Amino acid sequence: MRFLPPFAVLAMLPLLATGARAQDTTHRGVTIGLTYDPALRPGIAVLPVSGSFGDSIRAILQRDLDYSDRFTIVPLDATNPSAFKGTTPGAELNYSLFGRLGAAAVVQATATNNAVHIALHDVAKGGVMNVGDFVLPQAPTSRDWRMAIHGASDEIERWITGLKGIAQTRVAFVQGSRVHIVDSDGADDETTKVAGNVLSPSWNSSGTQLAYSTFGTSSRIMVYDLRTGHSQVLRNATPSHANLTPIFSPDGASIVYAHADDDGSDLFVISADGAGPPRRISVGRGTDNVQPSFSPDGRRLAFTSGRVGHPEVYIMDADGTNPELLTSFDFGDKNYRSDPDWSPDGRLVAFQSQFSDGRFQIMTISLRDRSTKLLTSEGSNEQPSWAPDGRHLVFASTRSGVRELWVLDTESGRLRQLTRANGAELPAWSARFGSSASTSAASRQ
């Protein structure tokens, strides 16, 4: 989307930032029993699940493990479950069969009315490497029930790789005049109560709130609480003119947003509860400064600025000091780099860049050596948002002929379509939901 003077911004959707997400602090390279090589995708088989709603549980587990892009799913012929049973004394499963099928691990799940018991088998060692019990909500196949299964999938991934998965996350996005929330696997597209001229949703770190802005000459910064279904206006957040692209700080205590007037736009910070006056943290001197994105430790911000005459991505300290250009530029007339999102591991910033054909593509830039990588090429691709694993990105793309959300695995290049909403845009990927986090909005329409 074009970077415009402050009040031209009001004539169309402004550049929109995505919310900050908590850093994934799981140690890389750890193995929990099974020898796991991150350069490979070991085979994993999910047995037919006995008990209540077993087919649904198996389908969710299998899809989650597939979408992690860390495994190869081994298909099984479920018509003869007895073939999977052990054939030698002391062997619970027919490990030689699974070895021939290419499975390094086997997931065995048993469901009851209120829990699912999961045993993970190491095929090479011929035994169980880990077990766990996961409590399920009382309403089978409900959103919270599905999220509990997603949590089990993430734990299976951690058992094998030492890295927790991202199945138990959600993506907020805008379609038309409504904010939607969808599970990471594309299921349960939920329309929230947030409606009207709504822009730039972003999550707090616990997944209980969304910050967003309204659209117009007197736009406001709002906070929507998913637990109650109510929105609150941050009344002290610069009430006149345009207020844009709010994001929560990683600790959830404050919100940074852009305020635009006749003299350009700058970034301001305010308490997340709206108490106290906002404090200006950028000095644009008549240029536009929008789309903040926090580093995972909360110490720095990436943002878009037009201070060199066209949009580029900058970084600065969270208090507004030490600003510096992050993306390099030349003097062509197509320079346009915007929509930064800082990766949860702190290594990269994703952004969109306009090319000579006028289309935008998703790129990343390394904070270490400023090297860049082009990630997309088909259609126009915009508004990247990182998953909490720092590996997957969600973005809006026209590659299917209409604007939808797509998920990219930045390591393998695998793409999958997340939405089929015809006009989905402005995605924001949540942090992982904990057992205490509410994952359902108060109103489902």
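Structure summary
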{"item": "Scope the stretch 357-404; condition among the acidic types (Asp, Glu) and over 19 Å from Ser200 (Cα atoms); matching residues", "result": "Asp357, Asp369, Glu378, Asp389"}
{"item": "Hits in the stretch 77-98 (condition: exposed (fewer than 11 other Cβ atoms within 10 Å of the Cβ) and either in a strand (DSSP E or B) or on the phi < 0 side of the Ramachandran plot (or both))", "result": "Asp77, Thr79, Asn80, Ser82, Thr88, Pro89"}
{"item": "Residue, modelled with the lowest pLDDT, within the stretch 380-406, restricted to residues that are open to solvent by 10 Å² or more (accessible area, probe 1.4 Å), touching a Phe, Trp or Tyr at 6+ places or on another chain (Cβ under 9 Å) and in a loop (DSSP other than H, G, I, E, B)", "result": "Ser400"}
{"item": "Residues of the stretch 254-273 satisfying the condition of being open to solvent by less than 10 Å² (accessible area, probe 1.4 Å) and hydrophobic (A, V, I, L, M, F, W, C)", "result": "Ile255, Val256, Ala258, Ala260, Leu267, Ile270"}
{"item": "Filtered residue count, the stretch 419-445, keeping only those that are at pLDDT 50 or above, open to solvent by 10 Å² or more (accessible area, probe 1.4 Å) and not small (Gly, Ala, Ser)", "result": "4"}
{"item": "Filter pass, Ser343 being under 20 Å from Asp185 (Cα atoms), at pLDDT 95 or above and surrounded by 23 or more Cβ atoms within 10 Å (Cβ to Cβ)", "result": "no"}
{"item": "Filtered residues of the stretch 253-298 (kept if within 21 Å of the chain's Cα centre (by Cα) and either on the phi > 0 side of the Ramachandran plot or without any contact (Cβ under 8 Å) to a residue 40 or more places away in the chain (or both))", "result": "Ala253, Ser254, Gln291, Gly298"}
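The values are calculated or read from the model by the stated rules, or taken from the named source; none is laboratory data. Owing to the predicted nature of the structure, the values given are computational and were not obtained by experimental measurement. Neighbour counts run over all protein chains shown; Cβ positions are idealised from the backbone, glycine included. Please note that ligands, DNA and RNA were not included when accessible areas were found on the heavy atoms of the full protein model with its side chains. Shrake-Rupley method; radii C 1.70, N 1.55, O 1.52, S 1.80 Å.
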